[in-house]
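Structure first, then comments.
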Amino acid sequence: MSKKPKPKVTLHIDDKHFDLPVRQGTEGEMGLDITRLRERTSLVTYDNGYGNTGSCESQVTYIHGENSILRYRGYPIEQLAEHSDFVETAYLVIYGDLPTATQRAQFSALLTENAAIHERMVYLFESYPRDAHPMSLLSAMVNALACYYPHLATNNIDRDMVNINEAAASLISKVRTITAMAYRMSRGLPIIYPKRSLKYCENFLHMMFSEPYDLYKCEPEVARALNLILLLHADHEQNCSTATVRMVASSGANLFASAAAGVCALWGPFHGGANQAVIEMLQAIHDSGDDGTHYIAEAKDGDRRLMGFGHRIYKNYDPRAKIIGRACEQLLNKLGLDDPLLQIAHKLEQAALNDEYFIERKLYPNVDFYSGIMMRAIGIPLNMFTVMFAIGRMPGWVANWREVASGKPRIYRPRQIYVGHTQRDYVPVEKRG
Ligand SMILES: CC(C)(COP(=O)(O)OP(=O)(O)OC[C@H]1O[C@@H](n2cnc3c(N)ncnc32)[C@H](O)[C@@H]1OP(=O)(O)O)[C@@H](O)C(=O)NCCC(=O)NCCS
């Protein structure tokens, strides 16, 4: 593809002129390089919410929000969704290319070897309240991995990079075990350990739903649906949690600490927490007897947000939402389930897509709109939806951590525009009032 010529950009400040370099990505997108702006002009930039700020160069994921394009390492998400599975996609996202048969087998074997967690970590679970939110538990347990596997988390980037394959496989494999254990313990159920013979998703469902006296029988459609959910979440360039992972990594912190911070960032309802919020919204609409009309009116008045709608980057359909919407329908049909929340979701989607308010603001369904209905069908409880997102996102966090660590990391340290008090003198307590 022939590249467009770079524009010449000059910044005029009063009577001074500064030429600013322009960087160009492989897909032709351009960014002003302001690395030396403050040094040369004493100005910083202001970009609330970073909507215009490219914080790094990255080779992992490409998104074109206006054209509904999402690619991992150059491969369209639609092709991966149709032909790949989570483990192969995880390899692709982390290492940059689709694995050969040998590489795929080695990666799977590494995941299997690292599935179990240190037995003493069970005591950590026990010290948490039974009803602890699984995202809180997950971030704590992922951070705790650094205590139980210190050779993978030295906080010396060069040493951590030597063991990155084991650390990556541990993280991706153990989050599944941690999640299933948290689920079992919150319900007072016996822990089910990972089984070597099972594939990634089947093993997760086994640890969640098997009983010592009654093994879970995994329908292939269910394993396929779970693979799809995880694969579609595997990376999404510089979103809130991935930027957080990179921020922590830039200080030289190990992979587990960086991923634990990512889990915390993901928890909020404007990010990964949206999948839980969508089901709560659909349930509330269902319980109230509304068909969604009332809810949409409130969203337009600014009193609420239509959860699962809108995206900072996609100003068109989120390509993941299209894939997951279709898959959701197919899964429910295969399992013979009739979920009233799906009917409400369809109505809401149609109403919003034809409403001037949503059209004007380019608000379309995002990945969270249908993923929750699919997870309900699989049997995942509501408060674990965001955890499933986190499990899926681990390869992306690993890839981004690796990119930071394998460059010459410069610590992330944004500036600010200070708008507080100017200097004032200390007032003794008796004179305050
Ligand atoms: C994802 C999200 C946080 C992106 O936010 P953003 O890029 O900062 O967009 P803004 O908050 O600036 O919204 C732009 C406009 O659209 C409106 N808007 C955005 N999302 C909306 C929603 N879900 N429902 C109703 N109105 C919405 C805003 O009120 C704003 O309207 P205004 O210009 O009249 O003030 C936002 O769309 C949202 O909260 N969606 C619901 C939560 C969700 O599904 N998150 C998962 C993302 S994968």
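The values are calculated or read from the model by the stated rules, or taken from the named source; none is laboratory data. From a predicted model like this one, the values you see are computed outputs, not experimental measurements. Heads up, the Cβs are rebuilt from the backbone with ideal geometry, glycines too, and the neighbour counts pull from every protein chain shown.
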### Task
State the number of residues belonging to the stretch 89-108 that are within 20 Å of residue 196 (Cβ to Cβ) and under 21 Å from the mean Cα position of the chain (by Cα).
2
### Query
Can you tell me which of 115, 132, 105 is in the same structural domain as residue 185 (by TED's automatic domain parsing), modelled with pLDDT of 95 or more and either in contact with a strand residue (DSSP E or B) (Cβ under 8 Å, 6 or more places away or on another chain) or not in a helix (DSSP H, G or I) (or both)?
115
### Query
Pairs, please: C-beta under 7 Å, at least 6 apart or cross-chain, first residue within 16 Å of residue 34 (Cβ to Cβ) and in the stretch 46-62, second more than 16 Å from the ligand (Cβ to nearest atom) and among the charged types (D, E, K, R)?
56/246
### Task
Please give the number of the condition residue 140 fails out of (1) more than 20 Å from residue 230 (Cα to Cα); (2) in contact with a Gly (Cβ under 9 Å, 6 or more places away or on another chain); (3) aliphatic (A, V, I, L, M).
(2)
### Query
From the set of residues in the stretch 69-121 that are charged (D, E, K, R) and surrounded by 13 or more Cβ atoms within 10 Å (Cβ to Cβ), which is farthest from residue 27 (Cα to Cα)?
113
### Query
Can residue 272 be described as away from the ligand (no atom under 14 Å from the Cβ) and either in a loop (DSSP other than H, G, I, E, B) or under 15 Å from residue 374 (Cα atoms) (or both)?
no
### Message
Which of the numbered conditions does residue 284 fail, given that it passes all the others? Conditions: (1) within 14 Å of the ligand (Cβ to nearest atom); (2) more than 26 Å from residue 163 (Cβ to Cβ).
### Response
(1)
### Query
Restricting attention to the stretch 169-227, and to residues there that are touching a residue at least 40 places away in the same chain (Cβ under 8 Å) and among the polar types (S, T, N, Q), which single residue is farthest from residue 330 (Cα to Cα)?
170
### Task
Quickly run through the stretch 359-368 and pick out the residues that are under 22 Å from residue 276 (Cβ atoms) and either among the hydrophobic types (A, V, I, L, M, F, W, C) or near the ligand (Cβ under 7 Å from one of its atoms) (or both).
363, 366, 367, 368
### Task
State whether the residues of the stretch 371-380 include one that is surrounded by fewer than 16 Cβ atoms within 10 Å (Cβ to Cβ) and more than 17 Å from the chain's Cα centre (by Cα).
yes
### Query
Given (1) more than 16 Å from the ligand (Cβ to nearest atom); (2) modelled with pLDDT under 95; (3) crowded, with 19+ Cβ neighbours inside 10 Å, where does residue 258 come up short, assuming only one miss?
(2)
### Message
Considering only the stretch 193-212, I want to know if a residue exists there that is assigned by TED's automatic domain parsing to the domain that holds residue 385, assigned to a helix (DSSP H, G or I) and among the small types (Gly, Ala, Ser).
### Response
no
### Query
With respect to residue 389, is the statement that it is in contact with a Leu (Cβ under 9 Å, 6 or more places away or on another chain) and near the ligand (Cβ under 9 Å from one of its atoms) true?
no
### Task
For residues that are within 12 Å of the ligand (Cβ to nearest atom), part of a helix (DSSP H, G or I) and surrounded by fewer than 24 Cβ atoms within 10 Å (Cβ to Cβ), tally how many sit in the stretch 295-328.
6
### Message
Could you check the stretch 56-96 and list, in sequence order, the residues that are more than 28 Å from residue 166 (Cα to Cα) and part of a loop (DSSP other than H, G, I, E, B)?
### Response
65, 66, 67, 68
### Which listed residue is touching a Pro at 6+ places or on another chain (Cβ under 9 Å), under 28 Å from residue 267 (Cα atoms) and surrounded by 20 or more Cβ atoms within 10 Å (Cβ to Cβ), from 398, 387
387
### Query
If you take the residues in the stretch 1-47 that are assigned to a loop (DSSP other than H, G, I, E, B) and of a type in the set (Asp, Glu), which one is farthest from the chain's Cα centre (by Cα)?
15
### Query
Of these, 130, 120, 104, which one is farther than 23 Å from residue 190 by Cα and basic (Lys, Arg)?
104
### Task
With respect to residue 342, determine if the residue is outside the structural domain of residue 201 (by TED's automatic domain parsing), in contact with a strand residue (DSSP E or B) (Cβ under 7 Å, 6 or more places away or on another chain) and at pLDDT below 95.
no
### Query
Applying the selection to the stretch 336-358, what residues are away from the ligand (no atom under 16 Å from the Cβ) and either surrounded by fewer than 14 Cβ atoms within 10 Å (Cβ to Cβ) or free of Cβ contacts under 8 Å to residues at least 24 places away in the same chain (or both)?
336, 337, 338, 340, 343, 346
### Query
In this structure, is residue 243 farther than 13 Å from residue 135 by Cα, in the same structural domain as residue 138 (by TED's automatic domain parsing) and modelled with pLDDT of 95 or more?
yes
